[in-house]
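> Structure in structure tokens, see below.
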Amino acid sequence: MANGSTTTGTASATETATETATATATESTAAAAPRTEVRRPALSPSRAGDFKQCPLLYRFRAVDRLPETPTKAQVRGTLVHSVLERLFALPRGDRTPEAARELLRPTWSELSEESPEWMEIFTDPVSAEEVAEWLTSAEKLLDSYFELEDPRTLSPEACELHVETELDSGVLLRGYIDRLDVAPTGEIRVVDYKTGAAPRLIGEAKAMFQMKFYAVVLWRLRGVVPRQLKLLYLSDGQALAYTPDEPELARFERTLEAIWQAILRAGRTGDFRPNPSKLCGWCSHQDLCPSFGGTPPDYPGWPEPDPGEESALDRAD
Ligand code: SF4
């Protein structure tokens, strides 16, 4: 495949990658990553995407940190990501569709216990039928995953890998990679599962931005340009693969630096302007947005420690 090219289609079931290797000091799996310590402000793909889409949306999420009610699709995405992570923790031969289905309900019990507010996605009072129907929709996404890949042929280096790197300019990049495959030859593949219902064209641009973000982080961490960035769309059973090249990642790095500088400028003055678009339909804050007749709360000032943090729901879109 030529550099900078994109391909769409079903993944090969025979692709393999090497066994787990030791992570560097700036890489850790989500379960091991310390989540409560005070950390330097960093840029994450979700927050960078927010600022690009609408500076005021970035402010609401990263500075004001306004609560958002998750949707059924977002929580389902988190659940499916968690099941796939657990599936890859099983011995290779045990990673069957049946095993994934068996993991689904216990994983949901754990997640809903950890985040009881997620139960608000259901009508009150919660009916067993509604929950069962929603779990069945998650099961369908898992079935769709098995049409794209056979996990028994894969040995990922890591799932839910926390990565962080500082660019020469001082910009700190931070994110979570759904899955990292490393071939015996050292070639790296970044894999991301997409479970959301957002329109494909809009979602694809956002997803590719996110994947290039991870490619830059890995390139800077390991000195290797990832061979492939792969998106697995579980809702429609499609795969999209992209091969970045070094000049492209260097340009993208400059884009990230420019976004971070623009965020810092806005952060100093509090001038986060709305940028209305068709994506406003997915925004939870229209009632506070001047473009919809609302008034934002007083600017609370640039937050410490970290206005770049991503939530589990961000990572599972
Ligand atoms: S409603 Fe639209 S313009 Fe307003 S904050 Fe949300 S995304 Fe931005």
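The values are calculated or read from the model by the stated rules, or taken from the named source; none is laboratory data. Fair warning: this is a prediction, and the values are worked out from it, not measured in the lab. Every residue, glycine as well, gets a Cβ built from its backbone with ideal geometry; the counts of neighbours run over all protein chains shown.
> If the Cβ limit is 8 Å and pairs must be 6+ apart or interchain, which residue in segment 285-297 that is under 16 Å from PRO55 (Cβ atoms) and at pLDDT 95 or above pairs with which residue that is of a type in the set (A, V, I, L, M) and more than 8 Å from the ligand (Cβ to nearest atom)?
What qualifies is HIS285/LEU66; LEU288/LEU66.
> For the subset of segment 245-298 comprising residues that are aromatic (Phe, Trp, Tyr) and within 19 Å of SER44 (Cβ to Cβ), which member is surrounded by the fewest Cβ atoms within 10 Å (Cβ to Cβ)?
TRP282
> Looking at segment 245-304, which of its residues are of a type in the set (Asp, Glu), assigned to a helix (DSSP H, G or I) and either away from the ligand (no atom under 15 Å from the Cβ) or under 27 Å from TRP219 (Cβ atoms) (or both)?
Across segment 245-304, the qualifying residues are GLU246, GLU248, GLU253, GLU257.
> Restricting the search to segment 121-139, which residues are in a helix (DSSP H, G or I) and surrounded by 13 or more Cβ atoms within 10 Å (Cβ to Cβ)?
Passing the criteria: ILE121, GLU130, VAL131, TRP134, LEU135, SER137, ALA138, GLU139.
> Being surrounded by 15 or more Cβ atoms within 10 Å (Cβ to Cβ), part of a loop (DSSP other than H, G, I, E, B) and not small (Gly, Ala, Ser) is the filter here, so list the residues in segment 157-200 that pass it.
Across segment 157-200, the qualifying residues are GLU157, LEU167, VAL171, GLU187, THR195.
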